[in-house]
Structure formats: structure tokens, C-alpha cells
Amino acid sequence: MEIKKIFYKTSYINNRRYLGNKYKLLPFIKRVVNAECKEIESVADIFAGTGAVSSAFVDDKIIITNDLMYSNYICNYAWFSSQTYNPQVIIDYVVKYNNIEKLEDNYMTKNFSDTYFSRDDCSKIGIIREDIEDSFINRKINERERALLITSLLYAMDKIANTCGHYDAYRKNAKFERHLELFVPLAKVHNNEKNRCFNEDANDLVKNIYADLVYIDPPYNSRQYCDAYHLLENVALWQKPEVHGVARKMDRKNMKSQYCTKSATQVFEQLIKDINSKYILFSYNNMETKGNDRSNAKITDEDIMRILTNKGTVKVFEEDYKAFTTGKSDISGNKERLFLCKCQLKE
């Protein structure tokens, strides 16, 4: 009897494309925190995105993550949840999914064939996502294992998607040369038992949590993340909604962030007032007036300083970085700033 070898690849938290990802800025963020923030035992990352910043503190801090988008929440649950999981279970499922041969029509083929993915890959995505949900409902996998398998699928989709890194559009008449391959996420089996992951509006969440350090990295401009990542959100939620338009987007009204609108300053001010922490670390670039209307930051430096100084003592740190553009602008001299507020103690 021939013994079949089992091969699989592994992935890390940073193996995903995402607008505004702070992974390359982690040394900068860590330097500021280590030098300026004393007696920090817990960190809340309330606009967590891919979880890159939280990953810098996961080894020695209590981590609280939050994101309004479910696709980000489920990935953060995979990486940071306090629930344990069986790595062999993940390996077995990934190997099984990568060896799918029998394809079928499903929600993904009917709505997305030969757009962001080939018809065959759409079929595999639909089969895999349905099987993950069935396995969870039938208690073959726990909640963390479900999150890890969804994360593996989302990362695999992102790696081969026929896009420029987001899902506002796909390249027409493109050749689908890469095909779906899931990797095994190398997440810690045993995270801090006090870690928590949320899928809420940040302004609501901060009224109900405490962390020694609250890190804030909201959307900077008018580009809504639910518009850029609607397809990943669709697969993560797996509610199979109707999709519309050339980009095949679902209804996203309840996913819109106020930080991308004219009310950004107002909601930011309320957020800061409601935060309960020793320190607030706020990331915001210097794109206030550098780009076009869509690219320019929604909150002015004057308002940032006014709001933060009402909360405590503020220091500002900055580092050069390369801004995301759509290829239509050439913007130089961009800097990522960290506004560190040492909060005044409540009497």
C-alpha cells in the first residue's frame, strides 16, 4: 500500500494585503510604547483591521481587539482568542480542502465566476465555506477552529484575487494563472485567558471596557473599508445575500464607518471622552490636504490636538511611510504620526 505524503504550507498574520496595514510600522509603535508607557498590562486595539498591531503585544499583554467588519473580527478571533484549538484538526481540514476535485455550482459560482476568481476557484470557495459552517454546526470543530479555517480561506482568496488588493473592481479578461491554496495559520494555541475579541462600533465598545493602553487607528479618509473588502465580508458572514453591479457588491449600509464622513471629528471627540485608560495612542497620517478629496484626512491636526489635550498630556511622534494610492497621484513627504495621550486620572 502506497503511503501518501501530506504537504501543507503555513501563514502568518501579516500574509494579507490590507489598506492602512501597520505591520511595517510595528517597530516604530513598539519603540514609542516601550519608551513612554509605564506599567502596561492590557492593550485594546479598537480599530484592529488585520490585527497587525495587536500581534506586537500578544506575547506579554492582555489583548482586546475590535473591528466593525466581521471578516476582520473573525481573523482576530483566530489569532488572539483565549479559546484553545487542536492544530492537527486545522492541518487535516486544510489538506482536505486543498485536495478537492469534485466541483459543483453554488452561491459563489452563480455570483462571482470569472470576475475576481475563476469559475473553478469560486466553486472551491463555496464548497469550503459551506463545509466549515456544517462542521461547526455539527460540533466537529470549535469556534476557534472555525475562525482559523475561515481565516485560512480568506487569506487564500486574497492571495489569488484578480484585483489590485481590494474589491472595488476586478481586471476584465484577466488570465487566472494562480489557483486557490489554503495555508495553515500559525496561531498560538494558548493565548492569554483574558483576551477578548469584539465585532462592534468602537464608540459603543469603549463605554464598556478598560485597557491600560487604547490604540486607535480609524479610517483616515472617505474610502469605506466595507466597499473595498465586501467580497471577503460576504464569504466570512456567509449569509448569501444578493449582489449588484459590476463589482458584485452586497448591501453594506450597516457596515459604513462614520470616520469616513463629515462627522468624523464629532465621533472622534466623543470616542476620546468615553475611553477609560491610562494611555491613548492614536495613529493618523499627515494627509490632511496632500491628496484629492477622497484621500485627504477627515480630522484636522488642530482638532486632534484640541480633543486629545482635553483628555490629558500629549506627545507627537512621526515616521516616514509610503502612502497607498490608486495610481493616479504622486504624493511625497508622507508621514505616519503617533499622538500619545497620557490621560488625566478621573477624580
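The values are calculated or read from the model by the stated rules, or taken from the named source; none is laboratory data. Given the structure is predicted, the values throughout are model-derived calculations rather than measurements. Counting neighbours? That spans all protein chains shown, and the Cβs are built from the backbone with ideal geometry, glycine included. In case anyone asks, the SASA skips ligands and DNA or RNA and just uses the protein heavy atoms, side chains included. Shrake-Rupley method; radii C 1.70, N 1.55, O 1.52, S 1.80 Å.
Things to note:
- Residue selected from the range 108-129 under the condition in a helix (DSSP H, G or I) and either open to solvent by 30 Å² or more (accessible area, probe 1.4 Å) or touching a His at 6+ places or on another chain (Cβ under 8 Å) (or both), by the criterion nearest to R248 (Cα to Cα): N111
- Considering the range 225-240, and only residues there that are outside any helix (DSSP H, G or I) and over 17 Å from L149 (Cβ atoms), the residue that is least open to solvent (accessible area, probe 1.4 Å) turns out to be Y229.
- Residue count for the range 203-224 satisfying the condition of being at pLDDT 95 or above and touching a Phe, Trp or Tyr at 6+ places or on another chain (Cβ under 6 Å): 4.
- Criterion (of a type in the set (D, E, K, R), over 15 Å from P218 (Cα atoms), modelled with pLDDT of 95 or more and surrounded by fewer than 17 Cβ atoms within 10 Å (Cβ to Cβ)) met by exactly one of D274, D320, D330, D293: D274
- Residues in the range 2-61 that are assigned to a strand (DSSP E or B), crowded, with 21+ Cβ neighbours inside 10 Å and of a type in the set (S, T, N, Q): S42 alone.
- Filter result (open to solvent by 10 Å² or more (accessible area, probe 1.4 Å) and either free of Cβ contacts under 8 Å to residues at least 60 places away in the same chain or among the hydrophobic types (A, V, I, L, M, F, W, C) (or both)) within the range 163-183: C164, A169, R171, K172, N173, A174, K175, F176, E177, R178, L180, F183
- Matching residues, the range 185-224, being open to solvent by 10 Å² or more (accessible area, probe 1.4 Å) and not in a loop (DSSP other than H, G, I, E, B): R196, C197, F198, N203, D204
- Residues in the range 155-183 that are over 27 Å from R252 (Cα atoms), of a type in the set (F, W, Y) and at pLDDT below 95: 1 in all.
- Count - residues of the range 70-93 that are in contact with a helix residue (DSSP H, G or I) (Cβ under 6 Å, 6 or more places away or on another chain) and open to solvent by 10 Å² or more (accessible area, probe 1.4 Å): 6
- Residue check for L148: open to solvent by 40 Å² or more (accessible area, probe 1.4 Å) and either of a type in the set (A, V, I, L, M, F, W, C) or touching a Cys at 6+ places or on another chain (Cβ under 9 Å) (or both): no
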